1. Round to the nearest 0.05 the FRET efficiency obtained for B:Glu27 and B:His49 when R0 = 30 Å and r is the Cβ-Cβ distance.
2. At what distance in angstrom do the alpha carbon centres of the range A:30-57 and the range B:56-82 lie from each other?
3. Given +1 on the Cβ of Lys and Arg, -1 on the Cβ of Asp and Glu, and no further charges, what dipole in debye does chain A carry about its Cα centre, rounded to the nearest 20?
4. Once a ≥ b ≥ c are taken as the square roots of the eigenvalues of the Cα gyration tensor of the range B:25-188, is the result rounded (a/c under 1.5), prolate (a/b larger than b/c) or oblate (a/b not larger than b/c)?
5. In percent, how large is the relative contact order of chain A, given Cα pairs closer than 8 Å and 6 or more residues apart?
6. Hey, if you put +1 on the Cβ of every Lys and Arg and -1 on every Asp and Glu Cβ in the range A:25-188, which of A:Ile32, A:Met118, A:Asn72 ends up farthest toward the positive end of that dipole?
7. Using a 4.7 Å Cβ cut-off, which Cys residues in chain B lack a partner cysteine?
8. Based on the Cβ-Cβ distance from B:Leu37 to B:Gln133, what FRET efficiency comes out when R0 is 30 Å, to the nearest 0.05?
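Each reported figure results from applying straightforward, stated rules to the coordinates on display, with no laboratory input. All of these numbers come straight from a predicted model, not from anything done at the bench. For neighbour counting, all protein chains shown are included, and Cβ atoms are generated from backbone atoms with ideal geometry for every residue, glycine included.
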Number of protein chains: 2
Amino acid sequence: MKFLAGLRHLSRSTRSFSGVSSFRASELEIEITKNPLPKPDPNNLVFGHQFSDHMLEIDWSKNNGWGTPKINPLRNFSMHPAAKVFHYAVELFEGLKAYRGEDNIIRLFRPDKNMARMKATAVRSHLPDFEGQELIECIKRLISVDKEWVPHSTSSTLYIRPTLMGTDNHLGVSPPTEAKLFVITGPVGPYYPTGFKPISLLADPNFVRAWEGGCGSFKMGCNYAPTILLQSEAAKKHNCQQILWLYGKEEQLTEVGTMNIFMMWKNEEGGNNLSKIKKYLDIITLWPIIK
Amino acid sequence: MKFLAGLRHLSRSTRSFSGVSSFRASELEIEITKNPLPKPDPNNLVFGHQFSDHMLEIDWSKNNGWGTPKINPLRNFSMHPAAKVFHYAVELFEGLKAYRGEDNIIRLFRPDKNMARMKATAVRSHLPDFEGQELIECIKRLISVDKEWVPHSTSSTLYIRPTLMGTDNHLGVSPPTEAKLFVITGPVGPYYPTGFKPISLLADPNFVRAWEGGCGSFKMGCNYAPTILLQSEAAKKHNCQQILWLYGKEEQLTEVGTMNIFMMWKNEEGGNNLSKIKKYLDIITLWPIIK
């Protein structure tokens with residue numbers, strides 16, 4: 001258990017990561033698109049369907065380490081059919097947002113927390129580590145290039161999706177020898193089509209998303225694939241938008257669909273108490289950015 | 001539990017799948033490479049590092065269903081950075097082999113079993129279903145095109161890797177609206193570098209690969225990503241090639257690294273007994289092709 005505990009510790013600390021080999025934001029190369037797209041109506045956005053004009057790409061190889069970070073026009077990847085990401089889900093992602101304030105200044109919300117979680121997930125996935133602050137600086141440049149894609153709206157934001165995946169063309173379950181870190185962005189409204197209205201949740205102890213000894217506390221792609229069918233079934237058969245994931249004999253709450261849970265209840269004296277999630281759930285739930 | 005039980009039933013039956021919408025092997029289009037590669041020495045093969053000249057590709061979309069199956073020269077995919085497979089591990093694979101007999105006839109080993117498992121995994125992954133016999137016919141054509149890639153050797157074979165993945169460029173954890181089924185092949189020797197010699201296994205109950213309520217009984221990419229770091233640690237710290245996965249308080253055996261377990265022990269009378277794996281492990285372990 002010491003090894004797993006060590007991994008958990010990683011996800012709570014940024015200091016552990018100092019001195020890792022990394023790309024450098026100061027070396028960024030930027031190519032601006034010749035064909036900028038029109039911006040969509042901020043009142044009519046579907047989550048994850050619109051993308052900004054540019055992306056960030058940084059390649060890594062076991063032999064040469066991190067390459068030069070590049071901001072390019074959004075474009076397709078050319079990838080070998082044996083790429084590890086297609087077969088063994090060697091992939092992780094993060095999700096954060098850029099907000100345009102009423103003062104017209106664009107702000108990120110705690111990107112250092114996303115970076116710490118992303119780096120811990122990279123270690124857990126046997127993907128290459130990097131310096132979080134360098135990626136934050138690259139992301140800031142990306143947003144600055146695409147600043148008009150940050151909606152002029154108080155209900156919409158720019159969603160930022162950093163991703164890291166194994167790209168070497170070797171079958172066999174083994175550590176990746178090549179990888180690609182990339183960041184795409186796009187304007188989004190609320191995640192659920194119901195907007196900011198309440199959603200209905202299916203709580204069924206037979207569906208288990210994360211478990212002790214697994215990797216539920218890391219933001220790996222593999223935690224999501226198994227949930228898609230169950231989520232569809234919840235919607236079709238029970239008219240629920242999402243699943244409230246339960247764990248163990250006591251049916252402890254772990255996560256809602258794709259996000260953390262924040263609870264509040266009235267105590268016996270009529271006051272408000274924040275729930276105390278039992279300590280060991282820390283092992284299997286995603287480290288929250290908002291807490 | 002009924003729903004999960006239903007899914008398990010799927011993986012044990014091919015009859016359930018009759019009448020699904022499918023591509024047709026009779027519509028296969030074939031383009032032969034103009035630049036065939038030299039075949040490698042069959043005594044010097046590394047698993048998953050060499051690929052045959054051709055591949056099979058079949059695209060699917062929610063609106064148009066399955067497209068025409070195509071055998072093309074092996075080539076890179078062009079994929080949008082938001083493709084579902086890069087973010088949420090919407091992917092599955094199979095692995096089977098073609099053997100060249102001493103009579104020079106090439107044979108597949110129980111491909112119908114692989115197809116049944118692949119189809120059940122497609123259902124579990126919310127990826128499109130198809131008719132297994134049609135894919136077997138397409139694979140036979142692919143092997144016939146690349147028949148000289150099937151090693152003339154009694155210790156090497158042609159490994160066949162069918163894969164199915166979500167390709168639509170929509171972020172958000174939701175069912176894929178586009179998918180790609182493809183098959184690549186390549187000549188292989190033994191999976192482990194030790195060849196057919198025994199391997200050492202690390203058995204540590206703190207590492208859990210599959211659990212009740214999860215998807216360990218399906219061949220989804222998501223079952224493999226979490227194992228890569230642990231496998232490396234097992235090798236580095238304990239000099240073991242693989243992990244013997246355990247489950248639950250009784251530390252029941254579930255799987256070895258990337259494969260099923262087959263056990264034999266001497267009973268008290270000195271005879272040989274095959275082990276009886278407890279019935280409920282059926283829920284969390286991969287359906288074996290050899291049994």
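1. Efficiency, rounded to the nearest 0.05: 0.40.
2. So the two Cα centres are separated by 25 Å.
3. Numbers: 35 positive and 29 negative charges, 93 e Å.
Magnitude of the dipole: close to 440 debye.
4. Taking the square roots of the gyration eigenvalues as a ≥ b ≥ c, the range B:25-188 is prolate.
5. Values: 538 pairs, mean separation 58.8, N = 291.
For chain A, the relative contact order is 20 percent.
6. Checked the options; the winner is A:Met118.
7. That list is B:Cys138, B:Cys215, B:Cys240.
8. Values: r = 31 Å, r/R0 = 1.02.
The calculated FRET efficiency here is 0.45.
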